[in-house]
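Asks: Below are the structure tokens for one structure; questions will follow.
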Amino acid sequence: MLIAGFPAGAWGTNCYLVAPAAGEECVIIDPGHQATEGVEEALKKHRLKPVAVVLTHGHIDHVASVVPVCGAHDVPAWIHPADRYMMSDPEKALGMSIGMPLMGELTVGEPDDVKELADGAQLRLAGLDFSVAHAPGHTKGSVTFRMPEADDIPSVFFSGDLLFAGSIGRTDLPGGDHAEILESLARVCLPLDDSTVVLSGHGPQTTIGRERAANPYLRDVAAGLGAEPAPRRGM
């Protein structure tokens with residue numbers, strides 16, 4: 001399996017391209033602010049053909065390049081219906097008034113083909129299997145994508161802004177809910193095997209085992225305790 005990732009834009013949002021191998025079809029995860037050039041470079045380097053864009057949530061730092069990427073390759077974008085409005089109205093998602101400057105000129109709106117994600121959905125894209133889990137708390141429509149263990153390759157968990165190395169997503173923006181994100185951590189993350197590789201929306205790669213042992217939020221959730229809101233990371 002091939003996973004090519006890079007941090008993009010002002011928020012350093014991780015964008016991932018996932019394929020069975022070089023020279024094959026791929027899925028693009030979270031093409032955010034200023035991600036278009038990086039996506040095209042990765043496609044060319046690995047000789048990949050996109051078949052879909054999938055989105056962990058609707059914040060502009062994760063979706064800003066969806067329209068140009070989908071348009072250039074004539075592929076659909078998948079997003080949870082609770083976050084779909086954010087593609088066309090990013091200011092509302094950030095608690096801003098319409099017309100306020102938002103990182104200069106951004107292409108906002110929906111691509112021509114939008115498909116909606118549901119909790120428990122099983123996606124078969126580019127010859128790969130993705131399990132979808134609705135994980136609200138950072139936003140109402142946040143989701144995660146998990147790929148199953150195969151041969152000697154551990155399960156891979158694209159956590160979006162639910163879980164980071166050492167932290168969790170912020171909950172102080174519209175649609176955020178700290179109690180809800182703790183419930184999502186307990187329901188979605190705790191049952192995963194320690195060997196599961198976590199590729200998050202911001203920051204470095206980690207594993208569930210490492211976070212279970214060292215992440216104060218996941219540790220407190222496992223112990224049935226509350227936790228203070230996370231420090232801000234990303235959007």
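The values are calculated or read from the model by the stated rules, or taken from the named source; none is laboratory data. Since this is a predicted model, take the numbers as computed values, not measurements. FYI the Cβ positions are ideal-geometry reconstructions off the backbone, even for glycines, and counts take in every protein chain you see. With ligands, DNA and RNA removed, areas are computed over all heavy atoms of the protein, side chains included. Shrake-Rupley method; radii C 1.70, N 1.55, O 1.52, S 1.80 Å.
Asks: Please count how many residues of the range 194-216 are open to solvent by 20 Å² or more (accessible area, probe 1.4 Å), touching a helix residue (DSSP H, G or I) at 6+ places or on another chain (Cβ under 7 Å) and among the small types (Gly, Ala, Ser).
Replies: Count: 1.
Asks: Let me ask another. Counting just the residues of the range 113-122 that are surrounded by 12 or more Cβ atoms within 10 Å (Cβ to Cβ) and part of a loop (DSSP other than H, G, I, E, B), which one comes out farthest from the chain's Cα centre (by Cα)?
Replies: The selected residue is Asp113.
Asks: Checking the structure you have, find out if any residue of the range 123-131 is surrounded by 19 or more Cβ atoms within 10 Å (Cβ to Cβ) and over 25 Å from Gln34 (Cα atoms).
Replies: yes
Asks: Can you give me the number of residues within the range 44-73 that are among the hydrophobic types (A, V, I, L, M, F, W, C) and touching a Pro at 6+ places or on another chain (Cβ under 7 Å)? Lay out the reasoning, then the answer.
Replies: Filtering the range 44-73 for residues among the hydrophobic types (A, V, I, L, M, F, W, C) gives 48, 51-55, 60, 63-64, 66-67, 69-70, 72.
This time we only want the ones that are touching a Pro at 6+ places or on another chain (Cβ under 7 Å), so: 52-53, 60, 66-67, 69-70.
Total meeting the criteria: 7.
Asks: Given the condition modelled with pLDDT of 95 or more and among the aromatic types (Phe, Trp, Tyr), answer yes or no: does some residue in the range 11-20 qualify?
Replies: Checked the range 11-20: at least one residue is modelled with pLDDT of 95 or more and among the aromatic types (Phe, Trp, Tyr).
Asks: Something else: What's the total number of residues in the range 151-177 that are at pLDDT 95 or above and either open to solvent by 50 Å² or more (accessible area, probe 1.4 Å) or part of a helix (DSSP H, G or I) (or both)?
Replies: 1
Asks: Let me ask something else about it. Would the range 184-192 turn up any residue that is assigned to a helix (DSSP H, G or I), at pLDDT 95 or above, basic (Lys, Arg) and open to solvent by 70 Å² or more (accessible area, probe 1.4 Å)?
Replies: Going residue by residue through the range 184-192, those that are assigned to a helix (DSSP H, G or I) are 184-189.
With the extra rule that they be at pLDDT 95 or above, the set shrinks to 184-189.
Among the residues that remain, those that are also basic (Lys, Arg) are: 187.
After this cut, where a residue has to be open to solvent by 70 Å² or more (accessible area, probe 1.4 Å) as well, the list is 187.
Checked against the condition, which is being assigned to a helix (DSSP H, G or I), at pLDDT 95 or above, basic (Lys, Arg) and open to solvent by 70 Å² or more (accessible area, probe 1.4 Å), the range 184-192 yields at least one hit.
Asks: Would you check if there is a residue in the range 52-59 being touching a strand residue (DSSP E or B) at 6+ places or on another chain (Cβ under 6 Å) and open to solvent by 10 Å² or more (accessible area, probe 1.4 Å)?
Replies: No.
Asks: Does Trp11 qualify as being under 17 Å from Pro90 (Cβ atoms), within 16 Å of the chain's Cα centre (by Cα) and open to solvent by 20 Å² or more (accessible area, probe 1.4 Å)? Walk me through how you get there before you give the answer.
Replies: Working: under 17 Å from Pro90 (Cβ atoms): yes; within 16 Å of the chain's Cα centre (by Cα): yes; open to solvent by 20 Å² or more (accessible area, probe 1.4 Å): yes.
Yes, satisfied.
Asks: Across the range 21-34, what is the number of residues that are surrounded by 21 or more Cβ atoms within 10 Å (Cβ to Cβ) and modelled with pLDDT under 95? Lay out the reasoning, then the answer.
Replies: Pass one, the range 21-34, residues surrounded by 21 or more Cβ atoms within 10 Å (Cβ to Cβ): 26-33.
In the following step, the residues that additionally are modelled with pLDDT under 95 were identified as 32-33.
Residues flagged as surrounded by 21 or more Cβ atoms within 10 Å (Cβ to Cβ) and modelled with pLDDT under 95 within the range 21-34 amount to 2.
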